[in-house]
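The values are calculated or read from the model by the stated rules, or taken from the named source; none is laboratory data. Everything numeric here is computed off the predicted structure, so don't read it as measured data. Reconstructed Cβ throughout: ideal geometry from the backbone, glycine too, with neighbour counts over all protein chains shown. What goes into the accessible areas is simple: the full protein's heavy atoms, side chains included, and nothing from ligands, DNA or RNA. Shrake-Rupley method; radii C 1.70, N 1.55, O 1.52, S 1.80 Å.
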Amino acid sequence: NSKGAPITGKWITFRELEGGPSRYAHFQQRCEKPIKRLADTYTGLFRDMLEIFDGKKISCEIDSDIAIVLYPLPLFPILVCYWEPEDGLESSLHIYFDAASDHNLDIESNYTLNEGIALMFEKIAQRHGS
């Protein structure tokens, strides 16, 4: 059902997507938090996994310690940003989407795709993280 909208380069949160606000808390619990735990526990492996899956390091307006774009589908990039713990502050991880994402993937498919990525990363960490 993709409309084939071109990538804009403008990054938005899941809650800014059409249908995202009502699912945002669940998205955080099932997608962002598991990946954050992995990044906290296996930071080096986390970096490696993002690069193995052809992630591209970028610099953008979001200033984070790790900022890597993944392309799980054509015309559907996701930006994973991770901030390492610093000066008593807890680490943080957020996933961003291109502003055209609404036109290229519905919210349910977006959620399912990201949940699958989180589960895949967890399984890889269980097997190779020690």
Cα extents of the chain per principal axis, largest first, Å, are 42, 30, 29
Ignoring ligands and nucleic acids, Ile124 exposes an accessible area, probe 1.4 Å, in Å² to the nearest 10, of 40 Å²
Along the range 16-24, Karplus-curve 3J(HN,Hα) (6.51, -1.76, 1.60; θ = phi - 60°) to the nearest Hz, with x for Gly and Pro, reads 7, 6, 4, x, x, x, 6, 10, 4
Dividing the helical contributions, -39500 (n - 2.57) per DSSP H run of n ≥ 4, by the residues of the chain yields a 222 nm value, nearest 500 deg cm²/dmol, of -11000 deg cm²/dmol
Given pairs Lys3/Lys36; Lys36/Lys123; Lys33/Lys123 and cut-off 22 Å on Cα-Cα distance, the over-length ones are Lys3/Lys36
Note to self: with every protein chain in place and a 1.4 Å probe, the range 48-130 gives an accessible area per residue in Å² of 54 Å²
The ³J(HN,Hα) series, computed from each phi in the range 34-47 with the Karplus coefficients 6.51, -1.76 and 1.60 at θ = phi - 60°, rounded to the nearest Hz and given as x for glycine or proline, is x, 5, 4, 4, 4, 5, 5, 7, 10, 4, x, 5, 4, 4
Rg (one decimal) and Dmax (whole number) from the Cα set of the range 38-84, in Å, equal 10.5, 31
In whole Hz, the Karplus estimates of ³J(HN,Hα) for the range 48-62 (6.51, -1.76, 1.60; θ = phi - 60°; x where Gly or Pro) are 4, 5, 4, 6, 4, 8, 6, x, 10, 5, 9, 10, 8, 5, 8
Residue separation between Ser2 and Tyr24 times 0.36 nm, minus their alpha-carbon distance, gives in nm 5.7 nm
Within the range 1-70, DSSP-loop GluC sites (Glu not before Pro) with at most 14 other C-beta atoms within 10 Å are Glu18, Glu61
Relative contact order in percent for the range 49-123 (Cα pairs under 8 Å, 6+ apart) equals 20 percent
If each K or R counts +1 and each D or E counts -1, the residues other than Glu84 whose Cβ falls under 12 Å of its Cβ total -3
In a Gaussian network model of the chain with springs linking alpha carbons closer than 10 Å, the residue among Phe76, Phe53, Phe97 that fluctuates most is Phe53
Filtering chymotrypsin sites (Phe, Trp or Tyr not before Pro) in the range 1-34 by DSSP loop and by at most 11 other Cβ atoms within 10 Å leaves none
